[in-house]
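Asker: This is the structure I have questions about; it appears just below.
The values are calculated or read from the model by the stated rules, or taken from the named source; none is laboratory data. Everything numeric here is computed off the predicted structure, so don't read it as measured data. Neighbour counts are summed over all protein chains in view; Cβ atoms, including those assigned to glycine, are modelled from backbone coordinates with ideal geometry.
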Amino acid sequence: MHISMRNIHKSFFGAPVLVGVDFSIDSGEVHSLLGENGAGKTTLMNILYGLYEKEEGEIAMDGKPVEIHNPADALSIGIGMVHQHFQLVDTLTVSENITLGLREQGYPFPDRKRIDQRIRTLSQQFGLDVHPEKKIRGLSVGERQRVEIMKLLYRSAGILIFDEPTAVLTPPEILSFFDVLKELRKAGKGIVIITHKISEVQMISDRVTVLRDGRRVLQCRLEETDEAALSNAMIGRTLTRPRRQKRTFDPSVPRLELREATVCRRKLNVLDHFDLSMAPGEIVGIAGVDGNGQQELAEAVVGIRKVTSGSVLFDGEDITRNSIIDRMQSGMGYIPADRHHDAILLSMNLKQNLLLKKHLDRQYLKHGFINGRKTDSATKQLIRAFDVKTPSENIRIRYLSGGNQQKFVLARELDSDLRLLVAFQPTRGLDIGATDFIQKQLLALAEKGVSILLISTDLQEIISLSDRISVLYMGKNMGIVDNDENLSIDVLGAMMGGRRHEDLDA
């Protein structure tokens, strides 16, 4: 099976997002579609899957033109897609989700035993480990992804498209997912991976296509390129990694202190007597495996979650009982891990999303009402300063790529007199260009004297940016170490596994 796309054009709101793009996928290969957030990767594959209509160009299967107007058309010729945000019904079983929308034999009362047996057979064939009787709501993210794959295999899809498939997976789940891809390739399936992660492209791909600003800038076999060439093609420049300069701090007057801070949930201490002190202008990284109290720590500092016991001090003032607004107005900023849930409203435009943080700021008010002229100019200025790729400040933020949404969130937080920024997974899911931009902004902010509490499961990011590193395990602080030439990755790893730093020194 050979699918080709030729001279594909697409625009949104008058702005071109795809300009004359060619792409193809063959049975039995993994073809990575690489590019920065907003390069047009997902748009191109949404056209192939029938979610968007192309404006110009041609799609052909085995040399014969085909028209794909909707996902049903795509599935009818064997093209399926697993989206970044899964489309499953939590209250139904795995089996019911897989057959949802199909008129199986015996409809409306299909033979569920026969269906479940077929699912088990496919599961064993491709190493998916899918259990048809389980409810979706009880499954992990990796298990849900396997159900999405099974939905396509059950419908006999020959071409499988994956949109940022590893963005929500843990490292072990990523390795397991790649094992599944190898089995699918061995069975003759054609696989498209939409990604911005060069390391993963190199692990699994046969071919790679790079898009930049809606245009194809590179297409070749993997062995014909290398990491530097792919990086250059993606961002159009040589990437310079952020460098943290060795600095000294005065710990006598801390910017932020947590004293025995405890957060209890369902009678368990998810943040357990946590102590931390950080100086003005210092970046303190919080390392640890995801789910060890990072969310509760971030929310306790910014006031979203009340501490059960202990205290939070900001520039010497006890703010333990202060509201979120009080903390924000006193110079505290927050970049949450889940921008869609906690930072932006997708149905609002960029100006309205700016006002989510600024609606009480006097400079944005005139006679008690929102100053539209000020809001317009401020939004445009932030778009320019942070290179947010958008046709207009009036566009709903849902139409921006994830990287550009995150840039806007950062721009909004930095557009105030900050003294402390809590940055929780600030670059999760972003491409190398957006990651580089945001990390350099954080370093520049620290140089201006702003303290940054950097919470990330990306250990390389923690090491690149932090002055000191604390490790969180089961809600407890395993210790704090200086990020200098004596830093040991083995020591950090042991702390992340639950060993206290003082025990390692003994």
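Asker: Looking only at region 174-189, filter to residues that are in contact with a helix residue (DSSP H, G or I) (Cβ under 9 Å, 6 or more places away or on another chain) and not in a helix (DSSP H, G or I); which one of those is surrounded by the most Cβ atoms within 10 Å (Cβ to Cβ)?
Answerer: The selected residue is LYS189.
Asker: Please work out which residue is farthest from THR195 (Cα to Cα), limiting yourself to region 84-126 and to residues that are at pLDDT below 80 and within 27 Å of the chain's Cα centre (by Cα).
Answerer: If we take residues in region 84-126 being at pLDDT below 80 and within 27 Å of the chain's Cα centre (by Cα), then HIS85 is farthest from THR195 (Cα to Cα).
Asker: Between a first residue in region 89-107 that is surrounded by 11 or more Cβ atoms within 10 Å (Cβ to Cβ) and a second residue that is modelled with pLDDT under 85 and not in a loop (DSSP other than H, G, I, E, B), which pairs have beta carbons less than 7 Å apart while being 6 or more apart in sequence or on different chains?
Answerer: Listed pairs, sorted by first residue: SER95/ARG112.
Asker: Could you check ALA72 against (1) touching a residue at least 40 places away in the same chain (Cβ under 8 Å); (2) surrounded by fewer than 17 Cβ atoms within 10 Å (Cβ to Cβ) and say which number it fails?
Answerer: ALA72 satisfies every listed condition except (1).
Asker: I would also like to ask the following. Sort out which residues of region 490-503 are in contact (Cβ under 8 Å) with a residue 24 or more places away in the chain and on the phi < 0 side of the Ramachandran plot, and write them in order of number.
Answerer: Just the residues of region 490-503 that are in contact (Cβ under 8 Å) with a residue 24 or more places away in the chain, to begin with: 492, 495-498, 501.
Hits for region 490-503 are LEU492, MET495, MET496, GLY497, HIS501.
Asker: So ARG321 fits all but one of (1) surrounded by fewer than 16 Cβ atoms within 10 Å (Cβ to Cβ); (2) of a type in the set (D, E, K, R); (3) farther than 26 Å from ARG266 by Cα; what number is the exception?
Answerer: (3)
Asker: Identify all residues within region 379-391 that are assigned to a loop (DSSP other than H, G, I, E, B) and either surrounded by 16 or more Cβ atoms within 10 Å (Cβ to Cβ) or in contact with a Cys (Cβ under 8 Å, 6 or more places away or on another chain) (or both); write none if there are none. Talk me through it step by step, then tell me what you get.
Answerer: Keep residues of region 379-391 that are assigned to a loop (DSSP other than H, G, I, E, B), which gives 386-391.
If the condition is that a residue be assigned to a loop (DSSP other than H, G, I, E, B) and either surrounded by 16 or more Cβ atoms within 10 Å (Cβ to Cβ) or in contact with a Cys (Cβ under 8 Å, 6 or more places away or on another chain) (or both), then PHE386, VAL388, LYS389, THR390 are the ones that fit.
Asker: Which of the residues spanning region 350-392 are closer than 24 Å to GLY433 by Cβ and either in contact with a strand residue (DSSP E or B) (Cβ under 7 Å, 6 or more places away or on another chain) or outside the structural domain of LEU430 (by TED's automatic domain parsing) (or both)?
Answerer: Let us first name the residues in region 350-392 that are closer than 24 Å to GLY433 by Cβ, namely 350, 353-354, 379-392.
The answer is PRO391, and nothing else.
Asker: Which fully enclosed strands (runs of 3 or more DSSP E) of region 190-302 have 2 or more residues being touching a Gly at 6+ places or on another chain (Cβ under 7 Å) and charged (D, E, K, R)?
Answerer: Where strands (runs of 3 or more DSSP E) fall fully within region 190-302 and carry at least 2 residues being touching a Gly at 6+ places or on another chain (Cβ under 7 Å) and charged (D, E, K, R), they are 256-265.
Asker: If you go through region 213-244, how many residues are of a type in the set (D, E, K, R) and at pLDDT below 85? Step through it out loud before you land on a result.
Answerer: Going residue by residue through region 213-244, those that are of a type in the set (D, E, K, R) are 213, 215-216, 221, 223-224, 226-227, 237, 241, 243-244.
Checking which are at pLDDT below 85 leaves us with 237, 241, 243-244.
Counting residues in region 213-244 that are of a type in the set (D, E, K, R) and at pLDDT below 85 gives 4.
Asker: Now a separate question. Which residues, taken from region 154-169, are assigned to a loop (DSSP other than H, G, I, E, B) and either within 30 Å of ARG114 (Cβ to Cβ) or in contact with a strand residue (DSSP E or B) (Cβ under 7 Å, 6 or more places away or on another chain) (or both)? So that I can check it myself, show each step before the final result.
Answerer: So the first thing to find is which residues in region 154-169 are assigned to a loop (DSSP other than H, G, I, E, B), and the list is 155-158, 164-169.
The answer is ARG155, SER156, ALA157, GLY158, GLU164, PRO165.
Asker: Taking interchain pairs and intrachain pairs at least six residues apart, which have beta carbon atoms under 6 angstrom, with the first residue in region 13-30 and free of Cβ contacts under 8 Å to residues at least 60 places away in the same chain and the second not acidic (Asp, Glu)?
Answerer: Listed pairs, sorted by first residue: SER24/SER4.
Asker: Mind listing just one residue for me: the one in region 422-441 that is in a loop (DSSP other than H, G, I, E, B) and touching a residue at least 40 places away in the same chain (Cβ under 8 Å) and, of those, surrounded by the most Cβ atoms within 10 Å (Cβ to Cβ)?
Answerer: Applying the first criterion (in a loop (DSSP other than H, G, I, E, B)) to region 422-441 yields 425-431.
Cutting the leftovers down to touching a residue at least 40 places away in the same chain (Cβ under 8 Å) gives us 425-426, 428-431.
On the way: GLN425: 23, PRO426: 28, ARG428: 19, GLY429: 20, LEU430: 25, ASP431: 25.
For region 422-441, the residue satisfying everything is PRO426.
Asker: Let me ask something else about it. Check off (1) part of a loop (DSSP other than H, G, I, E, B); (2) crowded, with 16+ Cβ neighbours inside 10 Å for MET150 and give me the number that stays unchecked.
Answerer: Result: MET150 passes all but (1).
Asker: Let me ask another. If ARG247 satisfies all but one of (1) modelled with pLDDT of 85 or more; (2) surrounded by fewer than 20 Cβ atoms within 10 Å (Cβ to Cβ); (3) in contact with an Asp or Glu (Cβ under 9 Å, 6 or more places away or on another chain), what's the number of the condition it fails?
Answerer: Among (1) modelled with pLDDT of 85 or more; (2) surrounded by fewer than 20 Cβ atoms within 10 Å (Cβ to Cβ); (3) in contact with an Asp or Glu (Cβ under 9 Å, 6 or more places away or on another chain), the lone unmet condition for ARG247 is (1).
Asker: Among (1) surrounded by fewer than 20 Cβ atoms within 10 Å (Cβ to Cβ); (2) free of Cβ contacts under 8 Å to residues at least 60 places away in the same chain, which single condition is TYR399 missing?
Answerer: Every listed condition holds for TYR399 apart from (2).
Asker: Next question, about the same structure. Please find, among LEU44, LEU34, the residue that is modelled with pLDDT of 90 or more, within 22 Å of the chain's Cα centre (by Cα) and in a helix (DSSP H, G or I). Please lay out each step first, then the result.
Answerer: Details: LEU34 fails: in a helix (DSSP H, G or I).
LEU44 is the lone residue from the list that is modelled with pLDDT of 90 or more, within 22 Å of the chain's Cα centre (by Cα) and in a helix (DSSP H, G or I).
Asker: Mind listing just one residue for me: the one in region 190-206 that is over 21 Å from the mean Cα position of the chain (by Cα) and buried (at least 18 other Cβ atoms within 10 Å of the Cβ) and, of those, farthest from ASP226 (Cα to Cα)?
Answerer: So the residue we want is GLY190.
For (1) within 18 Å of SER277 (Cα to Cα); (2) surrounded by 21 or more Cβ atoms within 10 Å (Cβ to Cβ); (3) not acidic (Asp, Glu), each residue gets a yes or a no:
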residue	(1), (2), (3)
LEU443	no, no, yes
LYS448	no, no, yes
LEU454	yes, yes, yes
THR457	no, no, yes
GLU461	no, yes, no
ASP484	no, no, no
VAL491	no, no, yes
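Asker: Let me ask something else about it. Determine if region 392-413 includes at least one residue that is farther than 30 Å from LYS10 by Cβ, part of a loop (DSSP other than H, G, I, E, B) and of a type in the set (Asp, Glu). Quick ask: steps written out before the conclusion?
Answerer: Kept after step one, since they are farther than 30 Å from LYS10 by Cβ, are these residues of region 392-413: 413.
Applying the additional criterion that residues be part of a loop (DSSP other than H, G, I, E, B) yields none.
So far as region 392-413 goes, no, none of its residues is farther than 30 Å from LYS10 by Cβ, part of a loop (DSSP other than H, G, I, E, B) and of a type in the set (Asp, Glu).
Asker: Between a residue in region 444-465 that is free of Cβ contacts under 8 Å to residues at least 12 places away in the same chain and any residue that is buried (at least 23 other Cβ atoms within 10 Å of the Cβ), which pairs come within a Cβ distance under 9 Å, given they are 6 or more apart or on different chains?
Answerer: none
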